[in-house]
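The values are calculated or read from the model by the stated rules, or taken from the named source; none is laboratory data. It should be emphasised that the depicted structure is a prediction, and the values quoted were computed from it without experimental measurement. Here the Cβ is made from the backbone with ideal geometry for all residues, glycine too, and neighbour counts use every protein chain on show. Side chains included, ligands, DNA and RNA excluded: accessible areas come from the protein's heavy atoms. Shrake-Rupley method; radii C 1.70, N 1.55, O 1.52, S 1.80 Å.
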Amino acid sequence: MLKNYLVTAWRSLAKQKVLSFINISGLSVGIACFSLFVLYAVNEYSFDSFHAQKNNIYRVYEWDAAAGQGDAGMYMPLGPALKQDFAEVEQYVRFYKEWSTRFTRAAGSMPVRMPIAYADANMFSIFSFRLLYGSPATALTGPKKAVLTKSRALQLFGEANVVGKTFEIKTGDNFEPFTVGAVAEDVPANSSLKFDVLLNWNYLQAAPGTKEAVNNWRYSGFQTFVLLRPGSSLNAAELATFRHKYIPWEAAEAAQRGSKPTTSFRLQPLQDIHTNLTISAGSDHGTDPKTTWILLAIATGILLIACINFTTLAIGRSSKRAKEVGVRKAIGGGKAQLMWQFFTESMLLSFIAALVGLLLAQLLLPWFNTLAQRQLQFSFTQYPVLVWLFIGLALLTGLLAGIYPALVLSSFRAVEVLKSKVKIGGANFFTRSLVTLQFVLSLGLIVCTVTMLQQVKYMRTKDPGFNKANVVVIDASETDVAAVLPLFKQAMAKYPQIEGVAASAADFGDGYNSAGFEYNGRHQQAYRCIADANFANVLGMHLVAGRMLNNSIPEDSVSSVLVNESLVKSMGLTNTKIIGVKLDGLSRDVTPVVTGVVKDFNFLPLNQPVQPIVFMAGKPQRLGKFFVRIKPGYPAKAMAAMGNTWNSIVPSLPFQYNFLNEKLNSLYAADERWGNIAGWAGGICVILACLGLFGLASLAAVNRTKEIGVRRVMGASVTVIVKLLGREFMQLVIIALLIATPIAWYCMHQWLQQYAFRIQISVWVFAGTGLAGICAALFTVSARAIKAALANPVKSLRAE
């Protein structure tokens, strides 16, 4: 019986090649999009699942109840103390990744920048990172041992098995040698912990910049992971007692402020790290689960539209199969058998579309990876759940797409069918609702896409409060900055294309740490930018009170500071009254004095309000980022001058730079990425919706064949016939626009609330989207209506 169903189903699909092609195309596109978005979601929720002991590994963090957020940057002695005080802690691993890259080289090769990370020697006994060469027990034994990933080993040495070989990392003015203890497989894309070059923790502890952190419970910034015994845990009371033991001054300091401590130690499950944005860890960022669910909702909408297309097209061709159903019933066919027949056709078409869709998804995967900035792959070993998801997807698609046509077609009465009394109404409520739903989803997505892209454009073009154009940022962090900076400034002054040079401790907006100070007995917080006196001038900031810093005034390189208007407001002062105010406690070396106030500017992404900031002098050797302003229209000459000067001063290191405006624009790359994804999804929805509309128009044309013939014989023009068939479908699109408008407006209004600086949703977005939807629908319906109008009226009048 099943074989008979399959043979009949195949003959039916082969007989109606055009409709079958449209059905398979629509379903396969829907399945391809759904598969890509599901792969993205599965990857996001599979982070760190490849570790064998994942259920017993936790990251320690501090939870600030007052701020409602956590910080996983912990204290260096935390791990040893936890293992010493709690029997439940089997092992611990501390992990730290440097903010910037460092020059690394093999013998006789030019240095290249690589990210450097540090971990305890038992890193590979707790985490399941695969080692290709070398032993987990000896990979990081010794302060000068290192682990390279396979790709980095190939980059440095040209081969993968380099255990025992030596390479060098630039530290200060010199290159230090390290021995490769092991080579690891490249870190999986779904890992929260990432490294390229991994050094021993003992080396970090001995480094000049971190010596003071070894036994210091006030110096934080290091991630700590613990492996608990199976079935054990550390409760809040135990962790509170532990915290009071090692940080006893916290309660006393809170009492002086008239409050109680609001910070506590907590444990975060390993697999919670990637999707929990309330806990930060330096530069590592996870994914907002809402984004993943939004993508899944879009994917479901696309798949639903594809299933609706199948339904409308199946109904559209049902009148041609009415007599087939009548004959089958007349010779004894039951309703159940007919339903199984139509379900078999639906399932066959669904599985064909699923195979084509998966092939299409595989072809589109490189483009999708670029769009989503991921390294996804359809790997059933890495994501075993995908096997069942895809099988379930094909079955569910066949069920959704085939249930209504099966019920309708199997319900025909044999006598009425054979007497040609059966008519399948193309304008019934169900089919009209399906098409309307398609356009609601399509038009809503288009509105959301346009709004997202307008917000991104606004953020990129908004005046940030300083001149971000024509500024080149040179990375000099691996040089002897104290010696290189004055030589570089002196050389640049000779070129008319260069307007100014300044230096900072970090890229603009990056690495600005928040620091506290006291004023009138109140504690204040502000971001702190360590830079030279010329920094504000070179970046084109606007002075509103006092004076700018000046290199020729000695105190401006020591204690004078600039502040922004937000800091003035937070202190309850005016721009003039703050001049000369001392900021006690902001620096351990001097007491900063406010010399000038600059206009508020955006140094953080525009989803955050302007924050208080202080510009203060730092030691020359810390100012490793050079900011060079060039005259408009002279980029080539200016870049050549900078490159030649760099090569003459620092011949051993490559000249590396970026443009400030490009760097700032990259802050909004994620928003633009999601806008593009939504845009492509919206475009696909419109195409699929038009396919569905084509099916409904075909249904209407078939059921009104004789009417069209009569009208043509009576002298009706093609235009009149097109208007006749197209009027009701235009009404559907207008209804869809009226439904989609408030829904899309609400969704975008909620989305825009995350931005401190945002656009107003324009009514023209809805008007333009509606007009585009109407034009697309009109073109689709017209194509089918014209064909019906041009048909021979004699044949139309004979049709029954």
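Within segment 241-264, can you find the residues that are open to solvent by less than 60 Å² (accessible area, probe 1.4 Å), within 20 Å of Gly73 (Cβ to Cβ) and not in a loop (DSSP other than H, G, I, E, B)? Those that are open to solvent by less than 60 Å² (accessible area, probe 1.4 Å), within 20 Å of Gly73 (Cβ to Cβ) and not in a loop (DSSP other than H, G, I, E, B): Phe242, Arg243, Tyr246, Glu250, Thr263, Ser264.
Conditions (1) of a type in the set (D, E, K, R); (2) within 14 Å of Pro592 (Cα to Cα); (3) in a strand (DSSP E or B), marked per residue:
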site: Met541; (1), (2), (3): no, no, no
site: Val544; (1), (2), (3): no, no, yes
site: Leu562; (1), (2), (3): no, yes, yes
site: Gly572; (1), (2), (3): no, no, no
site: Thr576; (1), (2), (3): no, no, no
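Within segment 235-275, the set of residues being of a type in the set (Asp, Glu) and in contact (Cβ under 8 Å) with a residue 60 or more places away in the chain comprises just one member, Glu238. Quick test of your reading of the structure: Ser587 fulfils all but one of (1) hydroxyl-bearing (Ser, Thr, Tyr); (2) touching a Lys or Arg at 6+ places or on another chain (Cβ under 9 Å); (3) under 16 Å from Gly500 (Cα atoms). Name the failing condition by number. All conditions pass for Ser587, except number (3). The number of residues in segment 653-677 that are within 10 Å of the chain's Cα centre (by Cα) and not aromatic (Phe, Trp, Tyr) comes to 5. Scanning segment 156-175 for residues that are open to solvent by 40 Å² or more (accessible area, probe 1.4 Å), in contact with a Phe, Trp or Tyr (Cβ under 9 Å, 6 or more places away or on another chain) and without any contact (Cβ under 8 Å) to a residue 40 or more places away in the chain yields a total of 2.
For segment 465-504, a residue qualifies if it is part of a loop (DSSP other than H, G, I, E, B), closer than 24 Å to Lys631 by Cα and either basic (Lys, Arg) or open to solvent by less than 50 Å² (accessible area, probe 1.4 Å) (or both), and the qualifying residues are Gly465, Phe466, Lys468, Ala469, Ala476, Lys494, Gln497. If the condition is being of a type in the set (S, T, N, Q) and either assigned to a strand (DSSP E or B) or under 30 Å from Trp646 (Cβ atoms) (or both), then segment 603-629 contributes only Gln621. Of all residues in segment 630-646, those being open to solvent by less than 80 Å² (accessible area, probe 1.4 Å) and not in a loop (DSSP other than H, G, I, E, B) number 11. Comparison of Val89, Val93, Val112 shows that the only residue that is under 30 Å from Ser652 (Cβ atoms) and of a type in the set (Val, Ile, Thr) is Val112. Taken together, Lys619, Lys625 contain a single residue that is among the basic types (Lys, Arg) and exposed (fewer than 15 other Cβ atoms within 10 Å of the Cβ), which is Lys619. The residues on offer are Leu653, Leu567, and the sole one that is modelled with pLDDT under 85 and of a type in the set (A, V, I, L, M, F, W, C) is Leu653.
Here is the figure for segment 190-239: residues that are in a loop (DSSP other than H, G, I, E, B), at negative phi and either open to solvent by 30 Å² or more (accessible area, probe 1.4 Å) or not aliphatic (A, V, I, L, M) (or both) total 20. The requirement of being modelled with pLDDT of 90 or more and open to solvent by 60 Å² or more (accessible area, probe 1.4 Å) is fulfilled somewhere in segment 589-605, by at least one residue. Asp584 satisfies every condition listed in (1) in contact with a strand residue (DSSP E or B) (Cβ under 9 Å, 6 or more places away or on another chain); (2) without any contact (Cβ under 8 Å) to a residue 60 or more places away in the chain; (3) open to solvent by 40 Å² or more (accessible area, probe 1.4 Å) except (2). Does Gly546 qualify as being without any contact (Cβ under 8 Å) to a residue 24 or more places away in the chain, open to solvent by 20 Å² or more (accessible area, probe 1.4 Å) and on the phi > 0 side of the Ramachandran plot? In short, no.
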